[in-house]
Every structure is written in C-alpha cells, then in structure tokens.
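Have a look at the structure below, then the notes.
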C-alpha cells in the first residue's frame, strides 16, 4: 500500500496505495466508507449499556439467527456508508438477498456487519467482516458479483471492537492493522506488515461440539491433547473466544490454528460460517500474512459460492499447523490416538 509509516492515518495510506496503483481508487473509497461506519459502530459499542440494550432481540436474519439490536444498527450504518461509495450491490448477513445500492458502480461488497453478536451482552469483543468484489452481476445472473472464487476479491478487512478498535486490511499486497485513535476519530497504522508465524502451540475450536466432529477433526484434537507425549511432539493451549474476528486477530499476532469444521449435527455438515462474507475475506487476509486457510481439503479462496449465505467449514492459521490438519483430512491418519493400528505412533511418527 505505497509507503507505510507507523502512525500514518488510514486516509494517507489509502492515498499512497492509489498513487502507486490508480486502479485502486474506487477500492480505497469503499474502504474509507467501511472505516467511517466502523467508527460509528465503535462509538455505540463503547458506550455499552449507556447506549441501551444492545443485545435486545428482534426478528430473525437471513440465516435464522435472532437479530440483536446491535446487529441491525451495524447493518444500517454500513449500508448507509456504502451508499455514498462506488458500490453497486451489497450481500449482507442481515439481508435475505442482494441489496442494490448504485447500479452500474464498479464494486460489490459482501459483509457481516456484526460478527460474534452472542458476545454483545457480556462486554466481550465483536466485529465486522467485509470483502470487496468487482461488479459482475447481469440480469441473467443477478448473483454474478458474488459467485466467483475468493481470489477475485479486490480487498478484504475486518474490524474488532475490543479494548481497542482495530481494522485489519489487505488490498492484495500484504496485511496491515490500523488502530482507532479515539481522540481523533481516525484509524492509524500500527502494524504495517502482519506475518503469521509458521508454527505455534495454540488451537481454537468449540470443544463442546466434540461428540459431533468427524474423524479427522477428532483425531487431530486428540493428538493435540496428548501434547509432547503424542505424535505432534509439543504441548498445546486451547483458545476459543466465540468471535471469529477475535480469534483471527489472535492468530495474526501469535499464530496457531482456528477450526470451525462441519460436524454431524443437523444443518452443520458444512459448519456454521458463511463462505462469502466470513471465510473468503478472512482467508484473503490470512494468505496475505503468510498463513493458510482451507475447508479441510480445499483452499478457501478457490471455492465458488453458489448462494450468498452458503456455509463452509473453515480452518485457518499458521501454515505448518494448517498443513498438519490437512494431512488428517487426507486420510493418512484417519483415527490417530484411538486406532490400535497407529497406537502411539500416530501420523507424525514412524
């Protein structure tokens, strides 16, 4: 993104990126609109209960989840901001179908306006996730902007509303993090080049679903639990924050692997996360930081969505750890840790 100096404002960094590549002009305008909306949402979240009952329940969204007040507010703020940007259409978690904003505009946005809404009422981190796509819809294919592989994304980002509000961003040339300067009301660059370590000793998964996991995931987690005495030869810590953006930010800063697999529960064969506005943007950001992102067997960015709310299993993080999980899915260790065939040898030994 041009010349990046720590402390530079987001608008200055975007201007430098456009100066280096004028084709990014419209992309920069869309990012600026998302940043404006994020600052507004951050202000409301920062007031907590003083802003009202942000966790108050309302109608159901497109996926059948009960919307919280803050879900609706974030959706409205981002949609309003994007109306003033060169955005033709928006695919949002909070909308059943594609929303038309500025027909003929060159870009489309896929967005989860509020990730981790179950954390709202308990003062834990939540976030927003977005991917920016070239407009490709036609009357014959109204979903055309959103049904290509994730590699078509022009940019992606997520915002974490935590003790600090941060914007993690890629325009396809590395991953950067900007932190909200609350006094100034602007994002400033704090991490010019995020690089995920290749190997780490942390994994994140919702262990309450263990009885529903398929064999590769059970085997991998079992071997993690066996620690240094098991085939992976190291002790692991488990982390689970219940917010995709929070777990993603931790992986970017400390490494490790995040798993939200499909499982045997009704309706969960493809996991719970949406390909278009959760998995694809996160995968783009991770790969630009040297990490990996797969559904178990396939690279996330190679998968084409067939519907805007399509789900996909998601595994991302340190390259070595993601590659290790892929070996379990590859059938080279279908039941390590339990199978007498492997005994104490497991996948990684003997």
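Summary of computed values
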{"read-out": "Average Cα contact separation per residue, the chain, under 8 Å, 6 or more apart, as relative contact order %", "value": "16"}
{"read-out": "DSSP bridge orientation in the stretch 202-329 - percent antiparallel, rounded to nearest 5", "value": "70"}
{"read-out": "Among (i) 194; (ii) 132; (iii) 144, the entry that matches volume of the Cα convex hull per residue in Å³ as calculated here", "value": "(ii)"}
{"read-out": "FRET efficiency, 1/(1 + (r/R0)^6) with R0 25 Å, evaluated for residue 237 and residue 212 via beta carbons", "value": "0.65"}
{"read-out": "Net length gained if the chain between residue 183 and residue 96 were fully extended (0.36 nm per residue, minus Cα distance)", "value": "27.6 nm"}
{"read-out": "Relative exposure of 133, 213, judged by other C-beta atoms within 10 Å (fewest first)", "value": "213, 133"}
{"read-out": "Ordering of 10-22, 157-169 by packing [mean C-beta count within 10 Å, highest first]", "value": "157-169, 10-22"}
{"read-out": "Order of 309, 212 - criterion: other Cβ atoms within 10 Å of each residue's Cβ, fewest first", "value": "212, 309"}
{"read-out": "Mean separation of Cα contacts under 8 Å, 6 or more apart, over the residue count of the stretch 202-329: relative contact order %", "value": "28"}
{"read-out": "Choice from 36, 215, 175 with maximal GNM fluctuation in the chain (Cα, 10 Å cutoff)", "value": "215"}
{"read-out": "Average Cα contact separation per residue, the stretch 10-191, under 8 Å, 6 or more apart, as relative contact order %", "value": "16"}
{"read-out": "Separation of alpha-carbon centers, the stretch 39-53 and the stretch 168-219, rounded to whole Å", "value": "24"}
{"read-out": "Highest-first arrangement of 275-286, 142-153, where packing means the average Cβ count within 10 Å", "value": "275-286, 142-153"}
{"read-out": "Calculated [θ] (222 nm, deg cm²/dmol) that DSSP helices of n ≥ 4 give over the chain, each run adding -39,500 (n - 2.57)", "value": "-8000 deg cm²/dmol"}
{"read-out": "Theoretical FRET efficiency, 1/(1+(r/R0)^6), r = Cβ-Cβ of residue 195 and residue 21, R0 22 Å, to 0.05", "value": "0.50"}
{"read-out": "Sites residue 229 and residue 51 - FRET efficiency at Förster radius 51 Å, r taken between beta-carbons, to 0.05", "value": "0.55"}
{"read-out": "Computed over the stretch 202-329, Cα set: Rg, Dmax in Å", "value": "13.7, 44"}
{"read-out": "Extent along principal axes [Cα atoms of the stretch 10-191; Å; largest to smallest]", "value": "43, 39, 25"}
{"read-out": "Alpha carbon centroid spacing (whole Å) that separates the stretch 106-160 from the stretch 70-89", "value": "11"}
{"read-out": "Counting DSSP beta bridges with both ends in the chain, the antiparallel % (nearest 5)", "value": "85"}
{"read-out": "Ranked by how many other beta carbons lie within 10 Å on average, peptides 298-307, 78-87 from highest", "value": "78-87, 298-307"}
{"read-out": "Cα pair distances in the stretch 96-242, grouped into 5 Å bins until the bin that holds the longest one, percent each", "value": "2, 7, 12, 13, 14, 15, 16, 11, 6, 3, 1, 0"}
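Read-outs throughout are calculated quantities, based only on the coordinates presented, and are distinct from any laboratory measurement. Remember, predicted model here, so these are calculated numbers, not experimental data. Note: ideal-geometry Cβ built from the backbone for every residue, glycine included; neighbour counts use all protein chains shown.
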